[in-house]
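The values are calculated or read from the model by the stated rules, or taken from the named source; none is laboratory data. The shown structure was predicted, so the numbers you read here are calculated from the model rather than taken from an experiment. Neighbour counts run over all protein chains shown; Cβ positions are idealised from the backbone, glycine included.
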C-alpha cells in the first residue's frame, strides 16, 4: 500500500503542477479581436518556450499514467468505491402463481311449474 500512497501523491502533484504551468503560459491572442482585431497576427507567432511545452506534455503524460495505474491498483487491492458499498435491493423470489381453480359453471335450476 506504500506504493499506492506514493502514486497518489505523484498524481496530485502532477495535477497541481499542470494547473500552474498551464496558467503561466502565455495565451495565443484569444480575446484580442474584441478590441478591434490584431489577434490574428499573434496566433501565427510562437508563444511560450519550448521547455514549457515539453514540461506540460510530461505532466500530462504523468497524469494519464498515474490515473491508469491508480485505477488498476484500486481494483486489485480490494479497495471499494462508493457504488460498491451500496447494497442493491434483492429482487423478490420468483414464485409460480397458484393454479387458478376452474371456474364453476352455474347449474341451471329446473323451472318448477305453476
For the stretch 75-96, state whether one or more residues are modelled with pLDDT of 70 or more, touching a helix residue (DSSP H, G or I) at 6+ places or on another chain (Cβ under 7 Å) and within 30 Å of residue 18 (Cα to Cα). no
Among the residues of the stretch 31-53, is any loosely packed, with under 12 Cβ neighbours inside 10 Å, within 23 Å of the chain's Cα centre (by Cα) and at pLDDT below 95? no
The stretch 1-15, subset farther than 17 Å from residue 61 by Cβ and in contact (Cβ under 8 Å) with a residue 60 or more places away in the chain, residue nearest to the chain's Cα centre (by Cα): 8
